[in-house]
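Following: one structure in structure tokens, then a few remarks.
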């Protein structure tokens, strides 16, 4: 799973600036942010579009997520005592409140739902196959 994570980081990094590479670039001499800002990017043959980069990320992430849901999380539930698992939930709840404030998570969910409505992806039935 770590290999998949490293690959996805490369794809996500590519989405941050135009001219994304299909493989992570050599970072041995990473330019300072000041050097990068304001410079136009020259087209190169190793570039792929952000849409292609996102497709590669999705292709990697879907099986990764499936393994988390079917292997990793069930195994985690088996090795962690129920009381400890509940305590983890409380810890995450506290972190959520610290991060977003009281009721902040629900507010974020509402904001995301508004964005989904605005771009027309709020109705999941349009993506669900008819069986």
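The values are calculated or read from the model by the stated rules, or taken from the named source; none is laboratory data. The model shown is predicted, which means the values in this text are computed figures rather than measured ones. Ideal geometry is used to build each Cβ from the backbone, glycine not excepted, and the neighbour counts take in all protein chains shown.
Yes or no, residue by residue, for (1) modelled with pLDDT under 90; (2) assigned to a loop (DSSP other than H, G, I, E, B); (3) more than 27 Å from residue 73 (Cα to Cα):
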position: 90; (1), (2), (3): no, no, no
position: 95; (1), (2), (3): no, no, no
position: 98; (1), (2), (3): no, no, no
position: 125; (1), (2), (3): yes, no, no
position: 129; (1), (2), (3): yes, yes, no
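Considering each of 105, 76 in turn, give the residue that is at pLDDT 90 or above and part of a helix (DSSP H, G or I).
Being at pLDDT 90 or above and part of a helix (DSSP H, G or I) holds for just one of 105, 76, which is 76.
Please verify whether residue 31 is in a loop (DSSP other than H, G, I, E, B) and either at pLDDT 90 or above or in contact with a helix residue (DSSP H, G or I) (Cβ under 6 Å, 6 or more places away or on another chain) (or both), treating the condition exactly as stated.
no
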